[in-house]
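Chemist: One structure, as structure tokens, below. Some questions next.
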Amino acid sequence: MIPLFRRWLAAVVLSLLPFGAQIAYAQLSIEIVGGASSAIPIAIVSFNAEATWPLGISGIVAADLSRSGMFRLVDTAGVVPRPSRAEEVQAAVWRARSADAVVVGSMLPLPDGRADVRFALVDVVKQTALVQMSFTVAPAQFRITAHKIADIIYEKLTGDRGVFSTRIAYVTKQGPRYQLIVADADGYGPQSIVSSNEPLLSPRWSPDGTRLAYVSFEHKKPVVYVQSLETGARKAVAEFRGSNSSPAWSPDGRKLAVTLTKDGGSQVYLMNPDGTGLARVMTSQAIDTEAMFTPDGQSLVFTSDRGGTPQIYRASLLGGQVERLTFDGSYNVSPKPLPDGKGIVFVRRDAGRFQVATLDYATRQVQVLTPGPNDESPSVAPNGKLVIYASENGGRGILAAVSIDGRVKQRLVAPATDVREPAWGPFPRS
Amino acid sequence: MRNFLLVAIVAAALVGCSSTPTTEAPVEDHGAAGATAPGGATTGGAGGGGVTGSSIGGGGADELRNPNSILSKRSVYFDFDSFVVKDEYKPLVEAHARYLQSHANARMTIQGNTDERGSREYNIALGQKRADAVKRMMTLLGAQDRQIETTSFGEERPKNPGHDETAWAENRRDDIVYAGE
């Protein structure tokens, strides 16, 4: 049933997309291909005075929540009078529509051109207002305010922090042209931060979200760059003899791990993000690459073929002890630590299929999240609840996202463009 | 079981702003002139075509370009998951090693490549291992370490853009590029 729906959804999306495709950078559109069976039924009532503005807030909140797969939108049509404050919500009306929660609000114009945005989240089962908040915002901030409201609702009802205000980075390839794009997590507002006729790879967000490290082949070999998102200034921080690849930030943003071959073989080094202070982490006779810091900053997880096949290892930066983490199968790569410090997301090959999976350190349990056959480059959302990864559809690279329990799946599609190498940005600085 | 489906189309024309303004960085063309690159790096603004340039012939360049010379052959192919230089490519590797030995000022880059399967980052390391294998053989045959830089394109520069075993076999290779080409 799901595959049939997927095909139908793809047809709908493709038939609609060309009209939005005329902008400089192809915008991703998002389709949900499966939801949590425990989705929370929620009614998002359009806000009072919303129609007086060019962009409403309730629609963006509804889109965010439904896209997460954790919520099911309840129809609000025909409820008269339409409530806009918590005390106007009649629990019986919404219980009859099977809603557990109702969101109401208003966005009244102020004399200075800004809006007084108020919203309330009402639990109609317990008949209590869970949240009531107000913001004074300019129209240019409506979208970010809507994402903030969605984050608040998500956290209140699921217990986990929302990621609707975060950003993502990814690489597109159109003909010979590669672009590194930064966009909102819902695909809105894509901006190219670097473009080249040679490949771009491995974008990685600094923990404060102000810089990206990435690999560019513009010098006919892999070189690691760090670029400021605010000024666009960029610097080649690792351009040694041989190949320079696979950058990763330490959790405090003060170190980069990189893979260099300057001393023979692919080996992991640490350096300052400005390119100074280079130090080798460990020495092996094998490939060591794809190093990522664990959330406590005290260890690296990385891929190595020291055991004959590529497997994932963990090395303490304090003691030098190296521990093998993966044992099943002959190809386990691309480890990405989960923010709770309890495991990793990684890519495994099974009977020729490349799939995204999780590994729990304590139980050694592997859970496969995606079907393959060509799923790679996973990146974990900062709340640890979603994984974005590169996949394929009709011979073209697309991005997809899956919930950490494997139940909710989304596809992010851009027209006539190969999309790959996604990287989920950090929580915004508040 | 409740299956929950929704299609969200984000209209590109919506009025709004992005949280942080970003600036696109221009990429300058530092590419070595030559015909080996399918598309040279270009400046970052308008999307122009790839830049190509003429090669500058140095001493012995004719020998390298003569199609009847084994030195004009520049690719070494590998089996799946292998870094072993196959016997059929040994004469090619030996000829280039002898050339380096007799032209002390000659410099080359060996660019390793993989097929498209698996992790892009890990494939950079795999391609590097293939490039290192050919370099090791050349230095054993008398070439100097400083004459050869090994780099990797991973899976990023396929010779054959297909997605089958024939294409993959053409893409698991080292390319030899002399400085100035």
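Chemist: Across segment A:119-149, what is the number of residues that are farther than 23 Å from residue A:207 by Cβ, touching a residue at least 12 places away in the same chain (Cβ under 8 Å) and either outside any strand (DSSP E or B) or not assigned by TED's automatic domain parsing to the domain that holds residue A:68 (or both)?
Modeler: Qualifying residue count for the region: 10.
Chemist: Could you figure out which of (1) within 27 Å of residue B:124 (Cβ to Cβ); (2) of a type outside the set (Ser, Thr, Tyr); (3) more than 9 Å from chain B (Cβ to nearest Cβ) isn't true of residue A:182?
Modeler: (3)
Chemist: Just the residues that are free of Cβ contacts under 8 Å to residues at least 24 places away in the same chain and among the charged types (D, E, K, R), please, taken from segment A:317-346.
Modeler: Within segment A:317-346, A:323, A:324, A:342 meet the criteria.
Chemist: Among the residues of segment B:155-181, how many are in a loop (DSSP other than H, G, I, E, B) and either on the phi > 0 side of the Ramachandran plot or in contact with a His (Cβ under 7 Å, 6 or more places away or on another chain) (or both)?
Modeler: The number of residues fulfilling the criteria is 1.
Chemist: Which of the residues that make up segment A:116-138 are farther than 16 Å from residue A:85 by Cβ, at pLDDT 95 or above and not hydroxyl-bearing (Ser, Thr, Tyr)?
Modeler: Passing the criteria: A:137, A:138.
Chemist: Could I ask something else about it? Test residue B:94 against the stated conditions and say whether it is in a strand (DSSP E or B) and surrounded by fewer than 23 Cβ atoms within 10 Å (Cβ to Cβ). Step through it out loud before you land on a result.
Modeler: Numbers: in a strand (DSSP E or B): no; surrounded by fewer than 23 Cβ atoms within 10 Å (Cβ to Cβ): yes.
Against the criterion (in a strand (DSSP E or B) and surrounded by fewer than 23 Cβ atoms within 10 Å (Cβ to Cβ)), residue B:94 does not qualify.
Chemist: OK, next. Could you list, in sequence order, all residues of segment B:130-156 that are out of contact with any strand residue (DSSP E or B) (no Cβ under 7 Å at 6 or more places or on another chain), farther than 24 Å from residue A:422 by Cβ and among the charged types (D, E, K, R)?
Modeler: B:136, B:145, B:146
Chemist: Right, something else. Just the residues that are assigned to a helix (DSSP H, G or I), more than 11 Å from every other protein chain (Cβ to nearest Cβ) and not hydrophobic (A, V, I, L, M, F, W, C), please, taken from segment B:124-154.
Modeler: Residues satisfying the conditions are B:130, B:139, B:147.
Chemist: Sticking with this one: I need the strands (runs of 3 or more DSSP E) fully contained in segment A:232-317, keeping only those with at least 1 residues that are among the aliphatic types (A, V, I, L, M) and more than 21 Å from residue A:380 (Cβ to Cβ).
Modeler: Fully inside segment A:232-317 and qualifying: A:234-238, A:256-260, A:267-271.
Chemist: Scan segment A:212-268 for residues that are within 7 Å of another protein chain (Cβ to nearest Cβ), within 20 Å of residue A:301 (Cβ to Cβ) and touching a Pro at 6+ places or on another chain (Cβ under 8 Å) and report the count.
Modeler: Residues in segment A:212-268 being within 7 Å of another protein chain (Cβ to nearest Cβ), within 20 Å of residue A:301 (Cβ to Cβ) and touching a Pro at 6+ places or on another chain (Cβ under 8 Å): 1 in total.
Chemist: Is there a residue in segment A:197-211 that is facing chain B (nearest Cβ under 7 Å) and farther than 21 Å from residue B:128 by Cβ?
Modeler: Yes, because at least one residue in segment A:197-211 is facing chain B (nearest Cβ under 7 Å) and farther than 21 Å from residue B:128 by Cβ.
Chemist: Of all residues in segment A:388-397 being surrounded by 20 or more Cβ atoms within 10 Å (Cβ to Cβ) and touching a Lys or Arg at 6+ places or on another chain (Cβ under 8 Å), which is farthest from the other protein chains (Cβ to nearest Cβ)?
Modeler: Out of the qualifying residues, it is A:391.
The values are calculated or read from the model by the stated rules, or taken from the named source; none is laboratory data. All values derive from a computational prediction rather than experimental measurement. When we count neighbours, we look across all protein chains shown, and the Cβ atoms used for this are built from the backbone with ideal geometry, even at glycine.
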